[in-house]
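Colleague: Below you will find the structure I want to go over with you.
The values are calculated or read from the model by the stated rules, or taken from the named source; none is laboratory data. Just so we're clear, the structure is a prediction, and the values are computed from it rather than from any experiment. Note: ideal-geometry Cβ built from the backbone for every residue, glycine included; neighbour counts use all protein chains shown.
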Amino acid sequence: MTAHPGPAHPVTTAPAGSAGGTTAPAGSAGSGDAGSEWRSGLEEAERVELTVDAVAPGGHCVARVDGQVVFVRHALPGERVVAEVTELHRGFARADAVEIRTASPDRVTPPCPYARPGGCGGCDLQHVTPAAQLDWKTAVVREQLTRLGGLTDAEIDGLRVTVRALPGGPLGWRSRVRYAVDAAGRAGLLKHRSHEVVPIDRCLIAHPAIQALPVLGQRWPTAEAVATVASTGGDVVVTTLPDGVSTRPDAPVHPAAPPDARVSAAGDGPVAVRETAAGRDWTVPAGGFWQVHPAAADTLVDAVLDLLAPQPGESAWDLYGGAGLFAAALADRVGPQARITVVESAAEGVAAARRNLADLSGVEVVAARVETALARRRVTGPVDLVVLDPPRTGAGAAVVRHLVAATPRAVAYVACDPAAFARDVHTFGQAGWRLAALRGYDLFPMTRHVELVGLFLPPAR
Ligand SMILES: C[S@@+](CC[C@H](N)C(=O)[O-])C[C@H]1O[C@@H](n2cnc3c(N)ncnc32)[C@H](O)[C@@H]1O
């Protein structure tokens, strides 16, 4: 055991966590030593020994030092660790576990050498077994639904929510990677909660075709970010940002890719890649939105169709529609003539949706922000089915209220941020709608992120 330097601080025994598991009830900043007040007893870079309590959002666990809340990264519930303080805030601090005194049985050695305190911030959970990562994310979802969604434990138990793994394992899945470039022109990824670039020579969660590209370990024009894409259709591209045009036409194609796999060439305009999903072929802009896990698009389509159970002739809205993934899947069920409206705000998404859905005569693509399209009645009810797939900020109360007023039979909500989703659960609840089913998917193994698909139903009439 190494000595831990830094200003002296009395070792505190925080309220005991649930030793040896990540399935502890999710904690919040409000649990633990009641009545203690914030004091500036901790110092930046100070090292303290503490017992780690339950998981918290953001890849952290909760701990207490003299009654003060400390969010600890690189830790697991029940562990006894030495943690180094990284940030001080009014009412709480953040810290990294730098020395593990008593390890959880759910702890493993991170496969990536950069997944360590002070290293790359891309992965939060490399030190956690794959099974315990699913429990961790399930606990976070439960905590958000309670604290922000206003659901009771009994209501959450009734949903039987679990987070399921996708095929393919926790490494080699990420089909889109955006590297930052430091002042010396080295590509890497950002530190946790920082703009500092950590130069890396590999990213183990990246798709093998991306790992094979000579992007890392060489010099790039200063401050240009580099994006790489390996699509389900076999295309492999390297682009520099923000113009979306490659400056590396010499990047080799991964040996596993088909012979016609494309590497973008300088000056050839925004690059499109081929994808396959929902039983169709797609071309989508390399820099535009597409799910980053190769199994994600089909997994989400299956979940949405299963929950909504679309019937022939039903009308539908695909809000935040991107290239039109859910619209195409719905059209298969409701029939090519049934009315489906896609709303998407990004120009490249609108162009991709119009191109990819051109064969579906019942589909209209509206280029607008969802909030504006609903408020200005460019899209109006009644409608039978709604798919809602907003960015991380969630749909928000105004959009939810418009949806409820449109009286659909059911709403499927695809969410990449459990906190924003939980806030919208609360708004649906205020309108008398209920969250009737909820599924979680680990679309982002090794990271703190989780994807949810919820089914909302109106009050019984
Ligand atoms: C999570 S993606 C979902 C895309 C698509 N449903 C899919 O699965 O491929 C969110 C999409 O919403 C779009 N978007 C973001 N904010 C929006 C807004 N306020 N109104 C309409 N679209 C928006 C983004 O451009 C992006 O295409």
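Colleague: Can we say Gly322 is within 10 Å of the ligand (Cβ to nearest atom), at positive phi and of a type outside the set (Lys, Arg)?
Modeller: Working: within 10 Å of the ligand (Cβ to nearest atom): yes; at positive phi: yes; of a type outside the set (Lys, Arg): yes.
So Gly322 passes the test.
Colleague: Could you tell me which residue of the range 325-346 is surrounded by the most Cβ atoms within 10 Å (Cβ to Cβ), considering only residues that are in a helix (DSSP H, G or I) and near the ligand (Cβ under 9 Å from one of its atoms)?
Modeller: At the first step, the residues of the range 325-346 found to be in a helix (DSSP H, G or I) are 325-334.
Right, trim to near the ligand (Cβ under 9 Å from one of its atoms) and you get 325-327.
Values: Leu325: 32, Phe326: 30, Ala327: 27.
So the residue we want is Leu325.
Colleague: For the range 270-290, name all the residues that are part of a loop (DSSP other than H, G, I, E, B), more than 13 Å from the ligand (Cβ to nearest atom), surrounded by 17 or more Cβ atoms within 10 Å (Cβ to Cβ) and among the small types (Gly, Ala, Ser). Spell out how you get there, then give the answer.
Modeller: Step one: filter the range 270-290 for residues part of a loop (DSSP other than H, G, I, E, B), giving 270-271, 278-279, 286-290.
If we keep only those that are more than 13 Å from the ligand (Cβ to nearest atom) too, we end up with 270-271, 279, 286.
Filter again for surrounded by 17 or more Cβ atoms within 10 Å (Cβ to Cβ), leaving 271, 286.
Ala286, the sole residue that qualifies.
Here's the yes/no breakdown for (1) crowded, with 19+ Cβ neighbours inside 10 Å; (2) without any contact (Cβ under 8 Å) to a residue 60 or more places away in the chain; (3) of a type outside the set (Asp, Glu):
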{"residue": "Gly188", "(1), (2), (3)": "yes, no, yes"}
{"residue": "Leu213", "(1), (2), (3)": "yes, yes, yes"}
{"residue": "Arg219", "(1), (2), (3)": "no, yes, yes"}
{"residue": "Ser231", "(1), (2), (3)": "yes, yes, yes"}
{"residue": "Val237", "(1), (2), (3)": "yes, yes, yes"}
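Colleague: Among the residues of the range 391-413, what is the count of those that are away from the ligand (no atom under 11 Å from the Cβ) and hydroxyl-bearing (Ser, Thr, Tyr)?
Modeller: 2
Colleague: Are any residues in the range 291-315 touching a Phe, Trp or Tyr at 6+ places or on another chain (Cβ under 8 Å) and within 13 Å of the ligand (Cβ to nearest atom), and if so, which ones?
Modeller: Within the range 291-315, Val292, His293, Ala296, Ala297, Thr299, Leu300, Val301, Ala303, Val304 qualify.
Colleague: In the range 363-380, which residues are surrounded by 19 or more Cβ atoms within 10 Å (Cβ to Cβ) and in a loop (DSSP other than H, G, I, E, B)?
Modeller: Hit for the range 363-380 is Val379, nothing else.
Colleague: For the range 414-448, which positions are touching a Phe, Trp or Tyr at 6+ places or on another chain (Cβ under 6 Å) and within 16 Å of the ligand (Cβ to nearest atom)?
Modeller: Ala415
Colleague: For a quick check of your reading of the model, give me the residue pairs whose first member lies in the range 344-362 and is polar (S, T, N, Q), whose second is surrounded by fewer than 21 Cβ atoms within 10 Å (Cβ to Cβ) and not in a loop (DSSP other than H, G, I, E, B), with beta-carbon atoms closer than 9 Å and at least 6 apart or on different chains.
Modeller: Correct list of pairs: Ser345/Ala367; Ser345/Thr372; Asn356/Arg280; Asn356/Asp281; Asn356/Thr283.
Colleague: Okay, moving on. So is Ala358 more than 8 Å from the ligand (Cβ to nearest atom), in the same structural domain as Ala406 (by TED's automatic domain parsing), at pLDDT 95 or above and assigned to a helix (DSSP H, G or I) or not? Before the answer, list the steps.
Modeller: Numbers: more than 8 Å from the ligand (Cβ to nearest atom): yes; in the same structural domain as Ala406 (by TED's automatic domain parsing): yes; at pLDDT 95 or above: yes; assigned to a helix (DSSP H, G or I): no.
For Ala358, the condition - more than 8 Å from the ligand (Cβ to nearest atom), in the same structural domain as Ala406 (by TED's automatic domain parsing), at pLDDT 95 or above and assigned to a helix (DSSP H, G or I) - is not met.
Colleague: I'd like to know if the range 302-316 contains one or more residues that are of a type in the set (Gly, Ala, Ser) and closer than 23 Å to Arg369 by Cβ.
Modeller: yes
Colleague: Just need a number here: residues in the range 160-196 that are over 21 Å from the mean Cα position of the chain (by Cα) and at negative phi.
Modeller: Residues meeting the conditions: 7.
Colleague: State whether one or more residues within the range 306-320 are assigned to a loop (DSSP other than H, G, I, E, B), among the charged types (D, E, K, R), in contact with a strand residue (DSSP E or B) (Cβ under 8 Å, 6 or more places away or on another chain) and in the same structural domain as Glu364 (by TED's automatic domain parsing). Don't jump to the end; show me each part of the working.
Modeller: First, the residues of the range 306-320 that are assigned to a loop (DSSP other than H, G, I, E, B): 309-315, 320.
Within this subset, residues satisfying the condition of being among the charged types (D, E, K, R) are 314.
Applying the additional criterion that residues be in contact with a strand residue (DSSP E or B) (Cβ under 8 Å, 6 or more places away or on another chain) yields 314.
With in the same structural domain as Glu364 (by TED's automatic domain parsing) added as a condition, the list becomes 314.
The answer is yes, given that some residue of the range 306-320 is assigned to a loop (DSSP other than H, G, I, E, B), among the charged types (D, E, K, R), in contact with a strand residue (DSSP E or B) (Cβ under 8 Å, 6 or more places away or on another chain) and in the same structural domain as Glu364 (by TED's automatic domain parsing).
Colleague: Take the conditions hydrophobic (A, V, I, L, M, F, W, C) and within 27 Å of Phe71 (Cβ to Cβ) and apply them to Ala206. Does it pass? Full working, then the answer.
Modeller: On the way: hydrophobic (A, V, I, L, M, F, W, C): yes; within 27 Å of Phe71 (Cβ to Cβ): no.
Here the answer is no, as Ala206 does not meet what is asked.
Colleague: Hey, another quick one. Considering (1) closer than 25 Å to Ala296 by Cα; (2) not in a strand (DSSP E or B), say which one Val411 fails and leave the rest.
Modeller: (2)
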